[in-house]
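Okay, so here's the structure we're looking at.
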């Protein structure tokens, strides 16, 4: 017993000496049309510790409250919490709640429960994982592949896939990412949607101040019948140096909409908002956008953006949805404090998809994060 006690105290001493922990206090307020108000103060404790020389543990969570639709709700959620084992250089395995996404970022992105592996091979990197979504909080998981997903506390799917990244293709500045993603619908419904995706991304610089990337994804959607769908994205970035450094970007996204025959609306597994105010997911929509980001001071950033949105559904009354204009500010007076303020307007009057009586919509977001 004395030997066991000495060993336990020794292990505890190693963990305590290497333990790293902290606390993030986060607050977000949202005001949007029509008469939408949201406020959520959350405390996010976290800690990390090595478990020997080849394993690391990280645990984080959120405790707070949320105000929406005139009601307060208690919030408790497990964030990134995973055990990572590195048996050799260039090879690691992770189990727990962890971040995973397809390489182009068009299909699947977020925190998921499962297992993954990362392997450096052949001058590139292979990343694969299998995950279950049924333990996630649906308001933050944003799993939207099926119509019934909104009816469950946590949509039940098995999802995952494999990503491969290769830089310096043919000893050039071209980089390439390839992804194969799958999703199996486990919800108790007759409206199941199983899906498989192939995706790719290519990126290359042009000189020292310009950068170009292109992404595309093809999907097979297994509903009652098999449908096809696709999405793509292209962007050009131009860097400016000098007294006020900044970035100008031009780009666009396109996703297939519902149509006759086998072509259907593109259905990402998780629905990231494609604009600030209207906030459509990448399904049955297209948009062209431009943005300018500038750093006026070391700790002060601003971004001005404009976008025009289109509907790609064949049965939509008009493809012209309207224009959106946004301005956001970010201030970090200290390294542990970040305050952001953003707002935007969506003008349906610039299109005719919403009818003649459609009015201007707005959205304002204020966030403040402080770390201890």
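The values are calculated or read from the model by the stated rules, or taken from the named source; none is laboratory data. Here the structure is a predicted model, which is why all the values come from computation and not from measurement. Cβ placement follows ideal geometry from the backbone for every residue including glycine, while neighbour counts extend to all protein chains displayed.
Any residue at all in segment 37-47 that is loosely packed, with under 15 Cβ neighbours inside 10 Å, closer than 24 Å to residue 324 by Cβ and in contact (Cβ under 8 Å) with a residue 24 or more places away in the chain? Checked against the condition, which is being loosely packed, with under 15 Cβ neighbours inside 10 Å, closer than 24 Å to residue 324 by Cβ and in contact (Cβ under 8 Å) with a residue 24 or more places away in the chain, segment 37-47 yields at least one hit. Taken together, the criteria place residue 265 among residues that are surrounded by 18 or more Cβ atoms within 10 Å (Cβ to Cβ) and in a loop (DSSP other than H, G, I, E, B). Being part of a strand (DSSP E or B) and over 23 Å from the mean Cα position of the chain (by Cα) holds for only one residue in 76, 21, 31, 100, and it is 21.
If the condition is being within 19 Å of residue 311 (Cβ to Cβ) and part of a loop (DSSP other than H, G, I, E, B), then segment 355-372 contributes 355, 356, 357, 358, 359, 360.
Kindly establish whether residue 33 is closer than 25 Å to residue 272 by Cα, exposed (fewer than 15 other Cβ atoms within 10 Å of the Cβ) and in contact (Cβ under 8 Å) with a residue 40 or more places away in the chain. So residue 33 fits the description; yes. Out of curiosity, is residue 308 at pLDDT 95 or above, surrounded by 14 or more Cβ atoms within 10 Å (Cβ to Cβ) and under 21 Å from residue 232 (Cβ atoms)? Judged against the criteria, residue 308 is a match. The set of residues in segment 302-354 that are in contact (Cβ under 8 Å) with a residue 60 or more places away in the chain and not in a strand (DSSP E or B) is empty.
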